[in-house]
1. First check a/c for region 7-126, with a ≥ b ≥ c the square roots of the eigenvalues of its C-alpha gyration tensor; if it is under 1.5, answer rounded, and if not, answer prolate when a/b is larger than b/c or oblate otherwise.
2. With the full set of protein chains in place, find how many percent of the accessible area of region 13-70 is carbon and sulfur; take the probe as 1.4 Å.
3. Starting from the Cα-Cα distance between ASP104 and PHE54, subtract it from 0.36 nm times their residue separation and give me the gain in nm to one decimal.
4. Taking the chain, how many lysine pairs are there with alpha carbons less than 18 Å apart, if each pair must be eight or more places apart or span two chains?
5. Any chance you could check the Cα centroid distance between region 109-130 and region 20-83 for me, in angstrom?
6. So what is the accessible area of the chain per residue, in Å², with the probe set to 1.4 Å?
7. List the chymotrypsin sites (Phe, Trp or Tyr not before Pro) within region 35-135 that fall in a DSSP loop (any state other than H, G, I, E or B) and whose Cβ has at most 10 other Cβ atoms within 10 Å.
8. Check each of the trypsin sites (Lys or Arg not before Pro) in region 30-88 and keep only those in coil by DSSP with at most 15 other C-beta atoms within 10 angstrom; list them in order.
Amino acid sequence: MNRKITTHLEMLLKAARAVVNNAYAPYSKLKVGAAALFDDGAVITGVNVENASFGLTICAERAALAAAISQGNRHLRAMAIASSAGVALPPCGACRQVIAEFSDGDTIVVLDGADGKVETHLISELLPLAFKFPV
Ligand code: THU
């Protein structure tokens, strides 16, 4: 679903774009930047961090969330994702589950699309029936 992007979300996407080149992606060459917006206005960024043992790779979204949670943030309003790919990069399934964990109401996921286009989705659309505990 596409919605008109607000100034806040545009700024969040800019924050994600700003860190893309910090990504450590020597294997896939796909650099990803993520920026998480919390209810008090805090913006925390992350990048993908790859490893020679490929399975140890951390996605940008989860890197951002781990840093944000470490700093005391909890209620995730929005997550913006930018990359070196030049097309909208939807979060992987694992990242969707982690976004859902900290979703406050319905978190907005903002994707940096081709030709300056911006996509917005709700995490409930990207991950219906997210697993929540206790069951
Ligand atoms: N990647 C992310 O950072 N986020 C995603 O949601 C999907 C994939 C990274 C992981 C890896 O470094 C590269 O993209 C290729 O899979």
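1. Note, shape of region 7-126 comes out oblate.
2. Answer for region 13-70 is 57 percent, counting heavy atoms of protein chains only.
3. Length gained between ASP104 and PHE54: 14.8 nm.
4. Working: LYS4/LYS14; LYS4/LYS117; LYS14/LYS31; LYS14/LYS117.
Close lysine pairs under the 18 Å cut-off: 4.
5. 16
6. 54
7. PHE131
8. ARG74
The values are calculated or read from the model by the stated rules, or taken from the named source; none is laboratory data. If you're wondering where the values come from, they're calculated on a predicted model, not measured in any experiment. Quick reminder, even Gly has a Cβ in these numbers, built from the backbone with ideal geometry, and neighbours come from all protein chains shown. The area values use the complete protein model at the heavy-atom level, side chains included, leaving out ligands, DNA and RNA. Shrake-Rupley method; radii C 1.70, N 1.55, O 1.52, S 1.80 Å.
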